Amino acid sequence: MTFQDFNFKDTLNQAITDAGFTEPSPVQADAIPLILEGHDLIGQAQTGTGKTAAFGLPIIQKMTGNKGVEALVIVPTRELAMQVSDELFRFGKTAGLKTATVYGGTPYNRQIDRINQANIIVATPGRLQDLLMSKKIKINPSFVVLDEADEMLDMGFLDEIKNIFTFLPEERQTLMFSATMPKQIKILAEKILKTPKSVTITKSERTNTDITQIFYVVADYERDDALLRLIDYKNPDKCIIFCRMKKEVDRLSSYMTAQGFKVAALHGDMEQKQREHTIRSFKQGLVEIFIATDVAARGLDVNDVSHVFNYHIPFDSESYVHRIGRTGRAGNKGEAITLVSPNELRTIKRIEKDVGTVMSSEVIPTRQEVQSRKDDDLLSKISNIKVSSSAKEMVKTLQHDIDIVTIAHLLATIVQEDIDVKGKDIIGLGSEEVKALIERAKNWKGGNRNGGGRGRSRNRSRGGSRGHGGDRSGGRSGDRRSGGGNRGSRNGGGNRGSRNRSEG
Ligand code: ADP
Ligand code: MG
């Protein structure tokens, strides 16, 4: 299927070409014909699947361009409002359509002027309701879109939305998009949509295959060490670390800053200006790590986030989907990494089932392993770099007093100090141990009474790891060696042995 199949007008085809879109995404292929035919629609697809164009293109195709607001798009956050209106502006400008963005925290008058000149408005629920109730604006849109409906409900906008619809004309085409379909959304859909068609991007399509999902099992007290080690190892360009609570965001931000990372915290209650400034710094690469709560990261759309870290696993599957959807955007590859304690393994299994995905369990690389990877990188860098003239000068000066091999050793020592891997050698559980825990988790389910089963297994697993410290590292080094290949010689060294001995 191509965009030509929709028989769009020339101005719109031009805009699609300008945007660099060559082929409709699955949700676009399914939704566009239905919208063109005039149906109400309920569309379920994960973030990053191209929903904006899925509703934007057919609406723009159908718009007359007459004076007045013909299309209204309601989105949960100010960032999304700006993003969606940017995208709609791109599609509409060749047809001479004007777009206005409507959100709280800015003066009314200019916004009202813009609305009065616009053909399309993109609004957040709070400000839109204000404007409608105070009769500052009156609109009569033929097309109404509720975008990211589940997020709007999560943010508590249900009443605003219901109220807004009382100001809208009965004669209209209504489209609703949501990444997930909880019951409340279905109830709302029944209220505002008329005999809607539905488009669901199936589970296998929905799980963005550009995102690799991995979990690591660690003890609660090891989370900071694990995070640092993984960042050291994966060396992300840009990453987002998700926490459950604001308090944790603050603590982790100070901690990561102290470790020398360029970090910014994103709070739900941040001033809008400050929030935008922070997001801009992240987009520009001035900040490399974002630390955020679920609420704060709503609608965050940065295309080159390479990694999402879940410092804690989120409570529910929907948050998980939203969180990991911040990476692997716009066709890029992404990794979603979740730290779990042994007790949270069941949550992993539940989320996998809900989302229709599989996360793979991996073992946190040892200090040795990260060090060898860094040494390898350094060696390859050394063999590829061009020698500068100032470097030649420096070596010439040094050569007066020191022989060339010693100079090389000294310089290598200086460089290696910079890439020194910190922290304890082994963090988290080994793969054998995780396997055993997963087996045990399966048995919990089979047990006849939840409470009793839980208590017993927990005690047993604790006793196990305390009592058999040797088993644990033994299991791990075994795993490593079998998979390790050429690293084996380095890893096999004295460190492990002495660690076991000192513990034992
Ligand atoms: P969603 O609303 O589903 O999260 P968006 O509409 O924001 O997704 O689209 C995500 C990104 O993909 C945007 O940068 C958008 O420009 C791009 N995109 C959308 N459709 C296509 C397409 N058919 N071809 C290429 N890129 C696309
Ligand atoms: Mg969207």
ask   = Among the candidates K135, K93, which residue alone is away from ligand 1 (no atom under 16 Å from the Cβ) and either closer than 29 Å to M270 by Cα or not aromatic (F, W, Y) (or both)?
value = K135
task = Give, as residue ranges, the strands (runs of 3 or more DSSP E) completely inside the range 59-135 that count at least 1 residues that are among the polar types (S, T, N, Q).
result = 99-102
Residue pairs meeting the criteria (Cβ under 6 Å; at least 6 apart or on separate chains; first under 25 Å from S317 (Cβ atoms), in the range 276-305; second acidic (D, E) and open to solvent by 10 Å² or more (accessible area, probe 1.4 Å)) = G299/E79
message = Within the range 268-288, take every residue that is of a type in the set (S, T, N, Q) and within 19 Å of the chain's Cα centre (by Cα) and give me the one that is farthest from K247 (Cα to Cα).
response = Q284
inquiry  = Give all pairs with beta carbons closer than 7 Å in which a residue from the range 421-441 that is assigned to a loop (DSSP other than H, G, I, E, B) and of a type in the set (A, V, I, L, M, F, W, C) meets a residue that is surrounded by 16 or more Cβ atoms within 10 Å (Cβ to Cβ) and modelled with pLDDT under 85; count only pairs at least 6 apart in sequence or on separate chains.
reply    = I426/S473; I426/R476
task = Kindly provide the set of residues from the range 24-35 that are within 15 Å of ligand 2 (Cβ to nearest atom) and buried (at least 20 other Cβ atoms within 10 Å of the Cβ), ordered by number.
result = V27, Q28, A31
query = Restricting to the range 171-188, what's the tally of residues that are assigned to a helix (DSSP H, G or I) and either under 18 Å from I121 (Cβ atoms) or open to solvent by 10 Å² or more (accessible area, probe 1.4 Å) (or both)?
reply = 4
message = For the range 319-334, give me each residue that is more than 11 Å from ligand 1 (Cβ to nearest atom) and basic (K, R).
response = R323, K333
message = For the range 260-300, give me the residue count where each residue is open to solvent by less than 80 Å² (accessible area, probe 1.4 Å) and within 17 Å of N235 (Cα to Cα).
response = 10
ask   = Here are some residues: G38, G48. Which one is away from ligand 2 (no atom under 15 Å from the Cβ), open to solvent by 20 Å² or more (accessible area, probe 1.4 Å), of a type in the set (G, A, S) and not in a helix (DSSP H, G or I)?
value = G38
note = Of the conditions (1) of a type in the set (S, T, N, Q); (2) open to solvent by 20 Å² or more (accessible area, probe 1.4 Å); (3) away from ligand 2 (no atom under 15 Å from the Cβ), the single one that Q111 does not satisfy is (2)
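So that you can scan it fast, the table gives a plain yes or no per residue for (1) surrounded by fewer than 18 Cβ atoms within 10 Å (Cβ to Cβ); (2) within 25 Å of the chain's Cα centre (by Cα); (3) not acidic (D, E):
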site: V355; (1), (2), (3): no, yes, yes
site: I364; (1), (2), (3): no, yes, yes
site: R367; (1), (2), (3): no, no, yes
site: K374; (1), (2), (3): no, no, yes
site: D377; (1), (2), (3): yes, no, no
site: S380; (1), (2), (3): yes, no, yes
site: S383; (1), (2), (3): yes, no, yes
message = Kindly evaluate L168 against the criterion of being modelled with pLDDT of 95 or more, in the same structural domain as P26 (by TED's automatic domain parsing) and either open to solvent by 10 Å² or more (accessible area, probe 1.4 Å) or in a loop (DSSP other than H, G, I, E, B) (or both).
response = yes
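The values are calculated or read from the model by the stated rules, or taken from the named source; none is laboratory data. It should be emphasised that the depicted structure is a prediction, and the values quoted were computed from it without experimental measurement. Cβ atoms come from the backbone with ideal geometry, glycine included; neighbour counts cover every protein chain shown. Surface accessibility is based on the protein's heavy atoms, side chains included, excluding ligands, DNA and RNA. Shrake-Rupley method; radii C 1.70, N 1.55, O 1.52, S 1.80 Å.
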